[in-house]
Amino acid sequence: MNIHEYQAKEVLRSFGVPVPQGFAATTIEEAAEAAGKLPGPVYVVKAQIHAGGRGKGRFKELSTDAKGGVRLAKSFVDIRADAAEMLGNTLVTLQTGPAGKQVNRIYVEEGSEIEKEFYLSLLIDRVTSRVSFVVSTEGGMDIEQVAHDTPEKIVTFSIDPATGIMPHHGRAVAKALRLDGDLAKQAQALVESLYTAFTANDMEMLEINPLIVSKDGKLRCLDAKVGFDSNALARHPDIAALRDETEEDAKEIEASKYDLSYVTLDGNIGCMVNGAGLAMATMDIIKFYGAEPANFLDVGGGATAEKVAAAFKIITADPNVKGILVNIFGGIMRCDVIAEGVVTAVKEVGLKVPLVVRLEGTNVELGKQILKQSGLNVIPADDLDDAAQKIVNSVGGLN
Ligand code: ADP
Ligand code: MG
């Protein structure tokens, strides 16, 4: 689960991490009030969406030379104008994709005078199963680009969970950022509080880009992007309460209510599959025959007819879906349960696109019989290859 920058900064502040003062606002009036509580004379107005690259982003509704989603403001008049241009409009950044994201909230914070910009992040390294630090002097810009062009400018190390964070980790960060004296001490304290915030909240990712040295010699986090391990949210009701469903895909939210693993994709073939591996294989073979899947969907091993019906409804509600492929291997999951779920859902919501069903495994004959007797216009398939070809042909090949 991801949260907004203003929420991330609040969480970090509570762990003693140095972040600028700021207040969130959903109206022009609130934005002006927020600025009134800040010292000034320089303010920064920042669009709050779950995507980075806001500074270089552009608003769909504004002319292309209008400013992006992070703006310096020097007066209340500027702040009101920026708020008016941002609120309700759609910000397109490298990370939002061409559709962009509507800005429903902005963050007004004190402006910092920047001496240097660095990059610092913490994430779970799946290879070592440890929390890793990634640090670079090349902050403020696209870290993927830095990793590609000048990988030697990125320093990484991981933390042994048995010892936790140690003074030498702080020194490693200070060295990587070429900081000494008081700034090295600040780096030490920062590294400790970031690690504590990360582990105490079961974060998955914590990215500070940029971390800055201000003209008055202070290390400060000017941006914060935080993601949490969704499986651990039950342990953190305060964090779970920060969820902003308007930032998430409506179909994915609906799927999560039924405990379905669902991810929206760009293609036009809706897939309903059991088991993540089989779902991947199904997506691969659809691509192999020249089409693109509209989603990843794993209904799980022990799905009920109700769950299958919910999954089917989510797929059919997607206007991009021009055909559906149900590919089930009945192991723990029985084929008749799948068939019943599909029939129930189709009776309720109708079926306007071709449906190919491939069933194999436990109670397969019974499952096929249920589909046949239902009178639904189902195209049966014998195996994965046959199923993929049939669905790709019936949607007319490529998107
Ligand atoms: P994004 O990464 O989404 O573009 P950032 O929060 O990193 O958004 O802001 C983009 C740039 O704007 C930063 O790299 C920094 O140079 C500048 N900036 C952001 N916040 C402040 C601030 N409080 N004071 C001064 N400059 C800022
Ligand atoms: Mg940033």
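The values are calculated or read from the model by the stated rules, or taken from the named source; none is laboratory data. Keep in mind that what you see is a predicted model, and the values were worked out from it rather than measured. Heads up, the Cβs are rebuilt from the backbone with ideal geometry, glycines too, and the neighbour counts pull from every protein chain shown. Keep in mind that these areas ignore ligands, DNA and RNA; they rest on the heavy atoms of the full protein, side chains included. Shrake-Rupley method; radii C 1.70, N 1.55, O 1.52, S 1.80 Å.
Please indicate, with yes or no, whether at least one residue in the stretch 5-20 is modelled with pLDDT of 95 or more, away from ligand 1 (no atom under 15 Å from the Cβ) and in contact with a Lys or Arg (Cβ under 9 Å, 6 or more places away or on another chain).
no
Being open to solvent by 30 Å² or more (accessible area, probe 1.4 Å) and closer than 23 Å to Ser112 by Cβ narrows it down to one residue among Met205, Met141, Met166; which is it?
Met141
Among Val308, Val299, Val326, which is the only one that is modelled with pLDDT of 90 or more and either more than 21 Å from the chain's Cα centre (by Cα) or not acidic (Asp, Glu) (or both)?
Val326
Filter the stretch 69-85 for residues that are closer than 15 Å to Gly22 by Cβ, in a helix (DSSP H, G or I) and within 15 Å of ligand 1 (Cβ to nearest atom) and give the result.
Ile79, Asp82
From the set of residues in the stretch 1-18 that are more than 16 Å from ligand 2 (Cβ to nearest atom) and part of a helix (DSSP H, G or I), which is most open to solvent (accessible area, probe 1.4 Å)?
Among them, the one singled out is Glu10.
If you go through the stretch 19-52, how many residues are within 16 Å of ligand 2 (Cβ to nearest atom) and in a loop (DSSP other than H, G, I, E, B)?
Qualifying residue count for the region: 7.
Scan the stretch 210-228 for residues that are open to solvent by less than 50 Å² (accessible area, probe 1.4 Å), more than 16 Å from ligand 2 (Cβ to nearest atom) and assigned to a loop (DSSP other than H, G, I, E, B) and jot them down.
Gly217
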